[in-house]
Every structure is written in structure tokens, then in C-alpha cells.
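Report on the structure given below.
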Amino acid sequence: MSNMQLDTLRRIVQEINASTSLHESLDIMVNQVAEAMHVDVCSIYLLDERNQRYLLMASKGLNPEAVGHVSLHTSEGLVGLVGQREEIVNLDDAPKHERFMYLAETGEEIYNSFLGVPVMYRRKVMGVLVVQNKDKQDFSEAAESFLVTLCAQLSGVIAHAHAVGNIDVFRKPNNLPAYKTFQGVSGSGGIALGRAVILYPPADLAAVPDREAEDISEELELLDNALDAVRQEIQALDDKMQDALMAEERALFSVFLRMLDENALPAEIKELIREGNWAQGAVRIVIDNHIALFSQMEDDYLRERVSDLKDLGRRILASLQEADASHRELTDESILIGEEISTAALVELPVDKIAAIVTTEGAMNSHMVIVARALGIPTVVGVTELPINSLDDVEMIVDAHQGRVFINPPRRMRTRYKEIQKEEEQIAKDLKQYETKDAITPDGVAVKLYVNTGLMIDVVRGVQRGAKGVGLYRSEIPFMLRDRFPGEEEQRAIYRQQLSHFANKPVVMRTLDIGADKDLPYFSIEEENSALGWRGIRFTLDHPEIFSSQIRAMLKASIGLNNLHILLPMITSVSEVEEALYLLDRDLQAVQEEEQVKITKPKIGIMVEVPSVLLQIDEFAPLVDFFSVGSNDLTQYLLAVDRNNPRVANVYSHFHPAVLRALTRLVKECHKYDKPVSVCGEMAGDPLSAVILMAMGFNTLSMSSSNILRVRKAICHVPMTDAQHLLDQALKMNNPLMVKSLMEYYFKTHGLGDMVKLATRIVSP
């Protein structure tokens, strides 16, 4: 990219950042790009996800009346092709392409050259930028690079417009209700009481939170230092450009300096600081007020000063943030608040000081949530209505069991949640005695308790809490925490670590299980119904190179340890197992030849999560060594319910008669063929249901390390005879609530009341 192109790029980016609305940003871009690239047409299409259409939002060169009206389905035209491929499409004779679609309203049939670039944000297509020419020509690599860079900038503008749509950024803490409840999605269970600490991006005026000044004189001093730094910066730019620019072109620097005169913007900012605002918040308020005022003026010159104001505001803010040494340190009561907190941002912080995490975006299986769950940090995501800017240092309660966030909770509520918190802490202390005990019922029946792992912290805690092996190693997690597919040697090192920590104990490694709610950052799978789509074994059999790389790495990692078991996810038919076994045998032979060592063939099992498997045990039994129930998915598929959908979440229950009867039948079928069968879903980690599973005859229960001690205590206190009697009663019931009540009553009347989840209690204000 030439210096001229870079200068043009900087100018366009600056103008976009200075714009007051999304529509203004889009208009600026199409006009500036068309001029800079000397093209006949520049257009921007934005994706309407709800209707799955690309809507023409801005254009220079096409019929102006088409803007806001013309649209294409995501599968239509060259625009749709760019979106589908998620890559650049560069054509010198576009009308000849099979995907070319003529739209009379735009008059684009006369344009032959086509260059389309996807506007991507966080792996999602948000729109498509198109340039066109009448003449037939290939656009250069420099042109492609130019547009890709601009699209990267535009994606942030579009995403921000989406993000702030429902959030009132001007609302101040004192205008916030004394008490308010917000609902999100539970990512990692637990309860936290504390004060909000907002994580916000640097040099972003809109993201600066409201905050009272702790020391007014200190804030004034910070402002003075920042203003001096900005004045020097602008003067230096003016001096630098003396020979390169004419005096008229350098007039902007004089405008900036006049704005920074003590009687201009600084005076207004200081007045707000003296009223109790911190410097950064005062800068945001003053700049916002002036932008609103200038935008309404009829004079073109004054309206154009809006972009100058924004640029100047960002310069002052950046200088303030660079010098700000007063930012509060995290305490044990710090509750992190943000739009979306990245894994990197989380691990950079002192995690032992984070009481809870709350985000307005994100999903329950995002990278950050996976890490938070492993660290035992209560986390609530998807709290869309949370007014982030207004919450800095506000008192909060996070009930992550129920996905609820309480702002400025009343004293009675705080007292009750503190009581619950203390009860949970005491239970945790009492459970430590079970770290060294075996899971044996009072009448002498032993139950093997394994741990589910993904991160190393799961392994460490699993070993500490006496897990007898790994019942489920989620191999997709190392894939999810990278920005590319890990290589074979990378995988081998990761798997070796897992296997070594449980030497002489079985480690069940599930092959890559992506899809549904587990996307890879570099291989996103977009489907209308992902739960019923391309996931688990379906994906890996379609990509045998990925499957074989993983199997080879697992086999190499197991050399000398011989404790590897391999688990195949999302199995629905015998043919899938046969194909996987063929690939596994082939890879085993290849690795043995490569490593010149005899490798013990690992035991092979399949996940029982698709109901079709329940009816084919007799066909699967000769092919595999063991079965493992993924109770989360099996329950969802049996009941046709998405447990993350609040509208139907009450239908989801592993106490449902259909689930209990299906599992009872499964155990009998597996034992008939002398095949071990385990449970590795949430059902195994719930002491109430664990007792029922034990009575059914499951050989192994595998769970999160945080649940091992609770389940072990329950097993140690419930005789097998009692458990079987409870199972017999449960199988006669037709309502999951009745089954749960049966179990809770038994626990409460047999000294296990503390095992009944305290967090299910709804606390009223």
C-alpha cells in the first residue's frame, strides 16, 4: 500500500470515527472510497439476520432511491456469494458469473468489474462492501488490501451500533432505581456480593463510565497534564506539516489549539470536575454536549467541526488514561462488568480477586465462561439490558445459579444472600473430609467417581479430590482456546499432560465435539438448528484429516502409559462407528510404524446422547468396549427442549420419567452384553440424581471437579437398598417435580439436607 493510500485510509478512518451515527459512517465510506479508488460505484450492504437478507444501506453511483429498499437473500447474487464464502470476490466480467443477479432498481447491469469484501466482526459476517466499474478490469491486490482494512474499521462501527442500541449510556447512577433486577444466562454457578468494576476499552469516549471523583484536586491536575500533552502533540504536528501543507490546510491545528484555550473546552470540563465528576467522565460529557449542539447547526462549517471535536476528545481521553494511576485495584468484592470480556483480558487480571463476572453479550459456552467455570468464578452472561456505563462502583448481588443480577439490592436481600453464601462456604469446608474417602455406600457397594476435564485446573482439582480417573476429557477446549487448528505435536503434548496426571488410571478422551453451542473461533458453523446439525462425529468424519491428526496425537501421547480410552460423540448409526474404527486402526498401524513401538490399542466407546442409540445397543455392543451417557444432550433430544431457552427451560429435567426409564433400560441392555456404561453429563454431578443412577447400576459417574465431593458424600450416606427403593418409586411417577421432591425429602430426612441445592431458593427483596 502506497503512502498516498495510507494517508487516504487514515483520513477515511478518522472521518468514520468522528461520525455521529451509523448512517453517517456508511455515507462517508461509500463517498470517500469511490473518490479515492476512482470507481464508478461503491456500495455497502448490511446483513439483516432476522430475514436473512443483505440490505443496500449506502451507495455512491447506484440509484439513490434504491438505498434502504433493495435487498438480496443471503443465497442470492455476488453479494450473497461474498457473505457465504466469507472472503473477497474479485471479477473482471461480473455479468458472466453464474451468481450475478440483475437488479433493475440499481442500474448495475452496466458495471462489469466487481470487487466484494466481507465486513466481519468476531467471525460473523455483518455486511458486504462492493466497488464496481464500467470497464472490465481486475482490481489490484493493493485495492483489496485497502478495502479489507476499511472493512475491519467499519465492522467495529456496525457492531457498536448494535451493542448500544438498547443501552442508555447517558443515564447516571443517581437516576438508576434504588433496586433493580436483571436476567441473563448462568455461565458458572455461585453467589457473589460486591461492587461493580467496569472493564472498558481505551480511548473510547462512549465507553467511559460515570464515576464520582475521589480527589477533585487530583482529577484537575490529571486534566491539566493531559491538556498540556495534547497541546504539545498538536503543535508538534503543526510544525511537522509546515513544509508539506499549505497554511489553509493546516488551519485544523489552529482550531484544535483554540478549542484547548483555557477559556474554551478546559473551562467547561473543569467546572464538571469541581461538581464531583472524575476527569474522564467530564471530558465525555462536555464533548458529547458540544457534538449535539454543533450537529443541529445550519452552518456547514460548524457542522463539520463535529469530527474535530470527537478527535480532540479522544486525544484528551487517551492522554488521561495513559496517565491515570488512580484506577481502582481489584478487591475480593470486585464484580467485573463489560459488554464482552475476553479470555485474555480475564487471565491478565488477578483472578483470585474476582468475585463474579457479568457481561451483556456472550454465551454460556464461550471461551471466557469455560475458563471462569474452571476457576470457580460465578458468571452471568447475556444480560442485554444492563446499563453498563452507570454501574461503576455500584453495589451488586450476582446469583449465577439462576442467572440473576441485582443492582443496589435492599438490606434484607443482602442479608439473606450473605446467609446463603456462608451456608455454601460451610458446606464446602465440611466436604473437604471426603477428599480422602472412597465412594462406598453404608452397605458396602463401591461406585467409581471420575472427573470431567478440559483445562489443566480441572485435572489438578480432580486429582486433589480423589477422582479415580477421567470420564470425559473435552478435547475441543484446547481447540477453542486457539486461533487455529492445533498441530499434531501440539495436541500430543496437551494429551500427554492429561494422561500423565492420571497414570495407572483410565482417561477417556472424547474426539473433537464442535458444533451446536461449541464453535471454534476460526471455524464457525452457522446453522438454523445447530443442535440437529453438523456436529460431533458428523464433522470429524467429513474431515478425516482433522480426525486422524487427533487420533495420532492421542496414540503418541499414550505411549508407555496405556491408560487411553477414546470416546466418539454424537453417534447415531452403526456405519459411523465402523468408519471411525477403520480410521483408528489405520492410524494405529501408522503410528506404530512411525514410532517403532508397540502401542496398546485403546478401548473405544460411544456417547449415548442421540435417542437412536438407545434402540441399537445390541448392534453397537459387538463394535465398542463401553458406553457413556451424555445426559445433557440426551435429555434435550428426548424431550425436544433447549435448556438454554428460558421459555421452555422448565420442561428440561433429568428427573423426567422418559429420561429415567430410558436410562434404566440402557443399563440393563449394556450389562446384558457385559459392556461398562457411565454417565458424564450434569446428571452425574447432581447428588439427587447421582443416587438414582447408582441404583440403576451405572458403573461410573463422571462430573465436574466441583461436584465430586458432594456426590461422594451422598453415596457414603445412602445405602444401595434405599437407593433402589427410591428408584422403584421414581419409575412409577409421571411428573419430574414429584421425583425431585421425593429425592429432596429423603435427603432432608436422612441428614443430607445440605446437599439440596441452596441456590434454587428465590430470594425476595
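Annotations
- Matching residues in the stretch 426-446 - criterion: being under 29 Å from Arg496 (Cβ atoms) and in contact with a Leu (Cβ under 7 Å, 6 or more places away or on another chain): Glu435, Ala439
- Flag for Leu317 being in a helix (DSSP H, G or I) and modelled with pLDDT of 75 or more: yes
- Filter result for the condition that a residue is among the small types (Gly, Ala, Ser) and at pLDDT below 85, over Gly80, Gly68: Gly68
- Scanning the stretch 377-435 for residues that are surrounded by 21 or more Cβ atoms within 10 Å (Cβ to Cβ), among the charged types (D, E, K, R) and closer than 26 Å to Val208 by Cα yields a count of 1.
- Qualifying residue in the stretch 175-185 (condition: within 30 Å of Val39 (Cα to Cα), at pLDDT 75 or above and touching a Ser or Thr at 6+ places or on another chain (Cβ under 9 Å)): no
- Pair list, Cβ under 6 Å, 6 or more apart: the stretch 205-218 residue in contact (Cβ under 8 Å) with a residue 24 or more places away in the chain, other residue surrounded by 14 or more Cβ atoms within 10 Å (Cβ to Cβ) and basic (Lys, Arg): Leu205/Arg284; Val208/Arg284; Asp210/Lys172
- Per the listing Ala267, Ala226, the residue uniquely at pLDDT 70 or above, surrounded by 13 or more Cβ atoms within 10 Å (Cβ to Cβ) and of a type outside the set (Val, Ile, Thr) is Ala226.
- Count - residues of the stretch 740-765 that are outside any helix (DSSP H, G or I), at pLDDT 80 or above and buried (at least 17 other Cβ atoms within 10 Å of the Cβ): 1
- Single condition Ile546 does not satisfy, out of (1) surrounded by 15 or more Cβ atoms within 10 Å (Cβ to Cβ); (2) closer than 21 Å to Leu623 by Cβ: (2)
- Residue within the stretch 427-436 that is assigned to a strand (DSSP E or B), farther than 30 Å from Leu561 by Cα and either free of Cβ contacts under 8 Å to residues at least 24 places away in the same chain or among the basic types (Lys, Arg) (or both) present: no
- Checked against the criterion of being farther than 30 Å from Thr331 by Cα, in the same structural domain as Val679 (by TED's automatic domain parsing) and part of a strand (DSSP E or B), the candidates Gly444, Gly466, Gly471 yield just one match: Gly471.
- Considering the stretch 474-489, and only residues there that are assigned to a helix (DSSP H, G or I) and either among the basic types (Lys, Arg) or in contact (Cβ under 8 Å) with a residue 60 or more places away in the chain (or both), the residue that is nearest to Gly376 (Cα to Cα) turns out to be Ile477.
- Taken over the stretch 617-631, the criterion of being surrounded by 15 or more Cβ atoms within 10 Å (Cβ to Cβ) and modelled with pLDDT of 95 or more is satisfied by Ile617, Phe620, Ala621, Val624, Asp625, Phe626, Phe627, Ser628, Val629.
- Residues that are under 23 Å from Leu431 (Cα atoms) and free of Cβ contacts under 8 Å to residues at least 12 places away in the same chain were ranked within the stretch 735-758; the one that is farthest from the chain's Cα centre (by Cα) is Thr749.
- Qualifying residue in the stretch 659-670 (condition: within 34 Å of the chain's Cα centre (by Cα) and of a type in the set (Lys, Arg)): no
- Residues that are closer than 24 Å to Val629 by Cα and out of contact with any strand residue (DSSP E or B) (no Cβ under 7 Å at 6 or more places or on another chain) within the stretch 556-580 comprise Asn562, Thr572, Ser573, Val574, Ser575, Glu576, Glu578, Glu579, listed in sequence order.
- Residues located in the stretch 343-361, provided they are modelled with pLDDT under 70 and part of a loop (DSSP other than H, G, I, E, B): Glu348
- Residue selected from the stretch 135-160 under the condition among the small types (Gly, Ala, Ser) and in a helix (DSSP H, G or I), by the criterion surrounded by the fewest Cβ atoms within 10 Å (Cβ to Cβ): Ala142
The values are calculated or read from the model by the stated rules, or taken from the named source; none is laboratory data. It should be emphasised that the depicted structure is a prediction, and the values quoted were computed from it without experimental measurement. Positions of Cβ are generated from backbone atoms using ideal geometry, with glycine treated the same way; all protein chains shown enter the neighbour counts.
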